[in-house]
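What follows is a single structure, written as structure tokens, with notes after it.
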Amino acid sequence: MKKGEFAFAAAAHIPRLMAEFEQGPLAGHTPCRPAGVRHLAAALAEVHVELVLIHPFREGNGRVARILAVLMGLQAGLPALYFDKFSGQKREKYFAALRAGLGRNYGPMEKLFTVVIERTLQIHGA
């Protein structure tokens, strides 16, 4: 495996994993209600990590997970989240956050989402 790659769920497990995702993290955090940055970042981090680790789509898993994060943010009253390009060191931090999520440690991803939320609010003057 190359750096930054993961072994994702086998195709036969995806329907069950998606049902567990829908009934677990997704149901637990949606609809996403207005809350403080830390609470929102924690909710977005858990949902994002759990969806990406299932890897249900052939292509675009990260894009779909980011769209879901944008929708959850909009539910919570945030402007559309602004995601900087993840390259170089940012990309490595993102993959490290996903690896931490394998053990249900969402803290590193929460830190990344805190930055995304704060940057979004700064851009929109909120």
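Which one of Ala41, Ala45, Ala19 is among the hydrophobic types (A, V, I, L, M, F, W, C), in contact with a Ser or Thr (Cβ under 6 Å, 6 or more places away or on another chain) and part of a helix (DSSP H, G or I)? Just a single option satisfies the conditions, and that option is Ala41.
Matching residues to (1) of a type in the set (D, E, K, R); (2) surrounded by fewer than 16 Cβ atoms within 10 Å (Cβ to Cβ); (3) within 23 Å of Pro15 (Cβ to Cβ):
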position: Val47; (1), (2), (3): no, no, yes
position: Ile67; (1), (2), (3): no, yes, yes
position: Phe86; (1), (2), (3): no, yes, no
position: Ala96; (1), (2), (3): no, yes, no
position: Leu102; (1), (2), (3): no, yes, yes
position: Thr114; (1), (2), (3): no, no, no
position: Ala126; (1), (2), (3): no, yes, no
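Out of the residues in the stretch 69-126 that are part of a helix (DSSP H, G or I), aromatic (Phe, Trp, Tyr) and within 16 Å of Ala42 (Cα to Cα), which is modelled with the highest pLDDT? Don't jump to the end; show me each part of the working.
Applying the first criterion (part of a helix (DSSP H, G or I)) to the stretch 69-126 yields 69-75, 89-101, 107-123.
Those still in the list that are aromatic (Phe, Trp, Tyr) too: 94-95, 113.
Keeping just the survivors that are within 16 Å of Ala42 (Cα to Cα) gives 94, 113.
On the way: Tyr94: 93, Phe113: 97.
Ranking the candidates gives Phe113 first.
When you look at Pro31, is it modelled with pLDDT of 95 or more, over 24 Å from Ile123 (Cα atoms) and crowded, with 17+ Cβ neighbours inside 10 Å, yes or no? Spelling it out, it is not the case that Pro31 is modelled with pLDDT of 95 or more, over 24 Å from Ile123 (Cα atoms) and crowded, with 17+ Cβ neighbours inside 10 Å.
What about Pro56, is it loosely packed, with under 15 Cβ neighbours inside 10 Å and of a type outside the set (Ser, Thr, Tyr)? I'd like the intermediate steps shown before the answer.
Details: loosely packed, with under 15 Cβ neighbours inside 10 Å: no; of a type outside the set (Ser, Thr, Tyr): yes.
So Pro56 fails the test.
The residue pairs whose first member lies in the stretch 17-46 and is under 23 Å from Leu102 (Cβ atoms), whose second member is among the polar types (S, T, N, Q) and surrounded by 13 or more Cβ atoms within 10 Å (Cβ to Cβ), and whose beta carbons are closer than 6 Å, counting only pairs six or more residues apart or on different chains, are Ala41/Thr114. The set of residues in the stretch 101-115 being touching a residue at least 40 places away in the same chain (Cβ under 8 Å) and among the hydrophobic types (A, V, I, L, M, F, W, C) consists of Leu102, Met109, Leu112, Phe113.
The values are calculated or read from the model by the stated rules, or taken from the named source; none is laboratory data. Being a predicted model, the structure only gives us computed values, none of them experimental. As a convention, Cβ positions derive from the backbone with ideal geometry for all residues, glycine included, and neighbour counts pool all protein chains shown.
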